[in-house]
Amino acid sequence: MSNTIIKAPCVNLTKLETLFIEMTAQNCNLKCKHCYINFNEKKVKDFIPIEKVKQALININKEDLKYIYLTGAEPMMHPDFNHILRLCLKYSSVIINTNAVNINDKKARFLRKVEEENNLGNEIIFMISIDHYDEKENDLLRGRGSYRKAVHAIQSLIKYDFNPILTIVNYQNMNEGELINKFKELCLSFNFETTDINFKIIPYIDKNKECEISENIDYDKLNTDCTKSRTLTLNGIFSCPLLSSDNRGKCGSDITDFSTKNYLETSYCAQCSAYNKKLFSFEL
Ligand code: SF4
């Protein structure tokens with residue numbers, strides 16, 4: 001038996017350019033087969049209080065902050081979603097990571113008004129989860145009806161002049177170029193002209209797979225979310241959305257007091273660092 005002890009690599013946060021706000025850890029209106037969240041049997045009302053968001057935004061270093069992401073489970077389930085969105089738009093552009101079930105024409109029109117109300121030029125950007133260009137394949141993963149709802153939401157958003165990004169978990173490990181071309185065809189079928197920036201392909205990270213951290217990666221040059229962001233949750237600050245319910249990802253209690261060092265101890269980190277691209281945020 002080898003006596004080698006592999007130490008978890010340490011990654012330093014260079015600048016807090018991105019703040020993820022976990023609006024709810026458990027509330028979602030879908031039950032996707034491949035979701036990384038371990039859902040409770042019972043529905044819980046675990047919404048982040050608006051005061052906690054307000055306090056974090058007051059204390060954050062505004063010079064460095066470039067984007068705020070509203071994430072979940074499903075961020076639009078938060079009862080104060082509109083209020084928190086307006087608040088965040090006073091600080092930066094806001095990206096909403098959503099399954100889009102709650103977006104229709106009326107909501108898109110309303111969100112267009114919300115964006116126009118802020119006179120700082122900050123934008124609302126939608127990242128819509130849809131995992132396959134084929135309805136049947138998508139719904140096998142994300143649940144019956146989810147494809148139609150996502151497509152309908154995309155159509156509503158473009159009607160009100162938004163330019164959504166489609167977030168695609170490459171569950172079948174397809175060739176990325178081919179996958180994007182298929183999605184481009186789908187978008188063109190409802191007159192949405194896209195370019196590569198409209199697609200974010202992410203690999204499937206298996207929560208049940210035991211993986212060892214690789215020794216063959218230059219961890220000083222890592223390009224993962226935890227190098228530029230932190231996640232604000234009901235329970236404190238975490239290194240990234242993937243680890244927001246894992247104590248090994250906890251960095252501190254609030255935005256005035258959190259560690260900039262992050263030890264990659266989990267199987268998630270092993271898979272994510274091997275991929276070495278941002279899973280949740282787009283490239284700045
Ligand atoms: S899962 Fe990825 S982004 Fe999250 S802490 Fe680990 S290496 Fe960083």
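The values are calculated or read from the model by the stated rules, or taken from the named source; none is laboratory data. Because the structure is a prediction, the values reported are computed rather than measured. Quick reminder, even Gly has a Cβ in these numbers, built from the backbone with ideal geometry, and neighbours come from all protein chains shown.
Some observations on this one:
- Residues of the stretch 242-271 classified as under 12 Å from Leu16 (Cβ atoms) and within 10 Å of the ligand (Cβ to nearest atom), total: 1
- Here the condition is being under 23 Å from Leu30 (Cα atoms), modelled with pLDDT of 95 or more and not in a helix (DSSP H, G or I); of Leu166, Leu157, Leu141, it holds for Leu166 alone.
- Residue in the stretch 210-223 that is under 28 Å from His132 (Cβ atoms), within 16 Å of the chain's Cα centre (by Cα) and buried (at least 19 other Cβ atoms within 10 Å of the Cβ) present: no
- Of all residues making up the stretch 186-209, the number that are surrounded by fewer than 11 Cβ atoms within 10 Å (Cβ to Cβ) and more than 23 Å from the chain's Cα centre (by Cα): 3
- Number of the exception - Gly145 against (1) without any contact (Cβ under 8 Å) to a residue 12 or more places away in the chain; (2) in contact with a strand residue (DSSP E or B) (Cβ under 6 Å, 6 or more places away or on another chain); (3) among the small types (Gly, Ala, Ser): (2)
- Extreme residue, modelled with the lowest pLDDT, among residues of the stretch 23-76 that are aliphatic (A, V, I, L, M) and exposed (fewer than 15 other Cβ atoms within 10 Å of the Cβ): Val44
- Within the stretch 185-209, the set of residues being away from the ligand (no atom under 15 Å from the Cβ) and of a type in the set (Asp, Glu) comprises Glu185, Glu193, Asp196.
- Qualifying residue in the stretch 83-101 (condition: in a loop (DSSP other than H, G, I, E, B), over 20 Å from the mean Cα position of the chain (by Cα) and modelled with pLDDT under 95): no
- Filter result for Ser239 (over 17 Å from Leu65 (Cα atoms), near the ligand (Cβ under 9 Å from one of its atoms) and touching a helix residue (DSSP H, G or I) at 6+ places or on another chain (Cβ under 8 Å)): no
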